[in-house]
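The block underneath contains the structure these notes are about, expressed in C-alpha cells.
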Amino acid sequence: MRALIGRILVAMGLASLLLVTPASPAAAAEDDILDRLLAIEGVSLIQEKPVQGYRYFVLNFTQPVDHRRPDGDTFQQRFTVLHKDTARPTVFQTSGYNVSTNPGRSEPTRIVDGNQVSMEYRFFTPSRPDPADWDDLDIWQAASDQHAIFKALKPIYSANWLATGGSKGGMTATYFERFYPRDMDGIVAYVAPNDVVNREDSAYDKFFASVGTEDCRDRLNGVQREALVRREALKATYADLADTEGYTFDTVGSLDAAYEMVVLDYVWAFWQYAGTAECSNIPADAATASDQAIWDSINYYSGFSFYTDQGLSPYTPYYYQAGTELGAPTIGFPHIEDELIRYGYQPPRSFVPRDIDMRFDPSAMRDVDSWVRKHANQMLFVYGEADPWGAERFRPGIFANDSYVFTAPGMNHGANVAGLVADERELATARILEWAGVATAAVEADASKAKPLATYDAKLDKRDLRQERRMRP
C-alpha cells in the first residue's frame, strides 16, 4: 500500500511528500495487522470498532464441531482481538459464555499492557453448530477450541501468552491449562468454582451461616421467607409482569415454580454481587414490610425475568454443562418451614429443555481437581471472601509450582488482584508480569515494585457487575 501511494505521488509530481521518516519494519507490520489476521485459514471479519490506543476486531473462526474428527462438520465461532502491538504479550480471555463485542480489558491485560483475545464459548449463540449435537459440548472440546485459536494466532502474537477469565471463565482457563498445559505461560483464574463432588455441598451451607453480619443475614432470610409466605399475592404481580412482557414458563413447568426459584436464589444473588455495604437496603422487619417492598427487593437482587423461557434460553449451554460435567450447588434453607417450599432447590436438569439429553459424568471435575493439585504450574487463583461461589475452590497442592490461591477481603464475585491485601497484590502482580515476560529487573528483585503497566481506562476497564447478575458462576 505504501509503495502504491508512492507511485501515485510521483506520477502527480508530489514526490516531496514522501520525505518523511520511514516506518520501522515493526511499525510496517503493525499497519497490516488486519490483513495478517484475515490471512489465517478460517478467520473472517465481522466488524472493526474504533477504540483509542488499540485496534479492535470482531471475527469468526472456523472450528470442527468435534475436534476428534477435524475433517468433519464445522461451525463459526466468534472471537475478538484487542490489538496493541505484536511485540507485547497476549492475554487469552473468556467468560465461558457469550463474547462481548464491545472492547474491554481484563485485569491481566491492563497489568501487562498487552493484546487481548477473547473467545465465545461453543454452543452460545451464535457460536453453535447447526444442527446441534449436545454431546459435542464438553470441557475438552471447548479447551480444544481455545487451543486451535491459540495455534492460529501464535505466529503473529509470538510473545508470551496468559489465559484468564472470571467465574465460569476462570474455570475455562483452568480446564484449558489442564488439557493443553504447554500453550500458556501463566493462568489467572478469578472466582472459579470447583465442585469436585457434586453431591457434597455442605461448604455452601457453612458459608451462608457465617457470611457478613448476623443482622444482614437475618434481614435477607426474613425477606426470603416472607416472599414465600406471601406467595399468592406476589404471584399475582408476577403474572401481570409475565402478561406484559410475554414471558412463558415451559422449561421450568409453571409460573409458580419459577416464582419459588427466583425467591430461593435471592440470598445467594445478594452475596454474589452486592454484600454488606447494601444490607441497609434490605427491609429490617420483613413481616411488616409492604408487598411492594418484598417484591422490589427480590426482583432487584434475584430478578423475576430469569426463570422464564426467555431468561433461561441464552444460558442453556451453561446449565447443560452444569448437569453433565461441572456440577451445581445445592443449599438448604433452615430458616424456612418445609411447607413453604414446594419444589426445593432445583438441579440443572430443570433449566434445560427436555428434548436435550443429559448424563452426568462425575469423573470430569475429579480429574481437573487432581491435575491442579499435582501439576499446577504458574497458576493464580483469586477469590472473594464474601462470594458464595468461592466456598468450593481450587487448591494447588504441595507438588504445584509457582502457583497461588489468594482471597480478596470483603470482596464478592467481582474479586480481583487490585482488591488483595498489599503483599499478596504485589506478589500476584509481579508473578503476572514475570509470566508475561515483561517484568523489569527491579520487579524480579522486589515484588513490591510491581505495578500495572497500563493506566486505568474507565471505558475499557470498568466492569458493571449488576448487568451480569444471575444465579450462575
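The values are calculated or read from the model by the stated rules, or taken from the named source; none is laboratory data. All figures in this text were calculated on a predicted structure; none of them were measured in a lab. Here Cβ is always computed from backbone atoms with ideal geometry, including for glycine, and neighbour counts include all displayed protein chains. Please note that ligands, DNA and RNA were not included when accessible areas were found on the heavy atoms of the full protein model with its side chains. Shrake-Rupley method; radii C 1.70, N 1.55, O 1.52, S 1.80 Å.
Assuming R0 = 22 Å, can you tell me the calculated FRET efficiency for the pair ILE46 and ALA87, based on Cβ-Cβ distance, to the nearest 0.05?
Calculated transfer efficiency: 0.25.
What is the dipole size for the range 205-268, taken about its Cα centre, with +1 at each Lys and Arg Cβ and -1 at each Asp and Glu Cβ, in debye to the nearest 20?
The dipole magnitude comes to about 240 debye.
In nm, what is the difference between 0.36 nm times the number of residues separating ALA445 and ARG68 and their Cα-Cα distance?
131.2 nm
Based on the mean of other Cβ atoms within 10 Å per residue, sort peptides 61-73, 400-412 so the most packed one is first.
400-412, 61-73
Roughly how many debye, to the nearest 20, is the charge dipole of the range 32-150 about its Cα centre, given +1 on each Lys and Arg Cβ, -1 on each Asp and Glu Cβ, and no other charges?
Its charge dipole is roughly 560 debye.
Could you tally the net charge around PHE57, taking each other residue with its Cβ under 9 Å from the Cβ of PHE57, Lys/Arg +1 and Asp/Glu -1?
Neighbourhood net charge equals +1.
What is the sum of charges, Lys and Arg at +1 and Asp and Glu at -1, for the other residues whose Cβ falls under 15 Å from the Cβ of SER210?
For residues surrounding SER210, the net value is -4.
Leaving out ligands, DNA and RNA but keeping every protein chain, what accessible area does ARG217 have, in Å² rounded to the nearest 10, with a 1.4 Å probe?
50 Å²
Could you look at the chain and say what percent of its accessible area is carbon and sulfur, using a 1.4 Å probe and all protein chains?
50 percent
Could you give the accessible area per residue of the chain, probe 1.4 Å, as a whole number in Å²?
So the chain comes to 44 Å² accessible per residue, rounded to a whole number.
Considering only C-alpha atoms, what is the centroid distance from the range 374-443 to the range 122-194, in Å?
19 Å
As I understand it, the value is the acute angle between the Cα axis of helix 168-179 and the longest principal axis of the Cα atoms of the chain; what does it come to in degrees, rounded to 10?
Computed tilt is about 60 degrees.
Rounded to the nearest 20 debye, what is the charge dipole size of the range 279-353 about its Cα centre when +1 sits on each Lys and Arg Cβ and -1 on each Asp and Glu Cβ?
280 debye
Computed from the mean reciprocal separation of all distinct C-alpha pairs, what Kirkwood hydrodynamic radius does the range 231-388 have, in Å? If you can, show how the numbers build up before the last one.
Working: mean 1/r = 0.0558 Å⁻¹.
Computed over Cα pairs of the range 231-388, the Kirkwood hydrodynamic radius comes out at 17.9 Å.
Name the residue from THR172, GLY104, ALA159 whose Cα lies farthest towards the positive end of the charge dipole of the range 100-248, charges +1 on Cβ of Lys and Arg and -1 on Cβ of Asp and Glu.
It is ALA159.
How many nm separate the modelled label positions at ASP357 and ALA236, each set 7 Å beyond the Cα in the direction of the Cβ?
Output for this residue pair reads 4.7 nm.
Charges on Cβ only, +1 for Lys and Arg, -1 for Asp and Glu, centred on the Cα centroid of the range 212-299; of ALA274, ASN221, PHE249, which one is farthest towards the dipole's positive end?
Selected residue: ASN221.
Let me have the 222 nm mean residue ellipticity of the chain computed from DSSP H runs of 4+ only, each contributing -39500 (n - 2.57), with the sum over all residues rounded to the nearest 500. Please list the in-between numbers first.
Details: 17 runs with 173 residues, N = 473.
Calculated from helices alone, the mean residue ellipticity at 222 nm is -11000 deg cm²/dmol.
For the chain, what is the number of Lys pairs with C-alpha distance below 22 angstrom, counting only pairs 8 or more positions apart or on separate chains?
The result is 12.
What net charge is computed for the residues neighbouring ASP201, neighbours being all others with C-beta under 12 Å from the C-beta of ASP201, Lys and Arg scored +1, Asp and Glu -1?
Net charge in that neighbourhood comes out at -2.
State the answer as a single residue: which of ALA364, ALA391, ASN377 lies farthest towards the positive end of the charge dipole of the range 308-398, with beta carbon charges of +1 for Lys and Arg and -1 for Asp and Glu, about the Cα centre.
In the range 308-398, that residue is ASN377.
I'd like the orientation of helix 231-245 relative to the chain: the angle between its Cα long axis and the longest Cα principal axis, in ° from 0 to 90, rounded to 10.
40 degrees
Can you give the Rg to Rh ratio for the range 157-257, taking only C-alpha atoms and Rh from Kirkwood?
Reported Rg/Rh (Cα atoms, Kirkwood Rh): 1.17.
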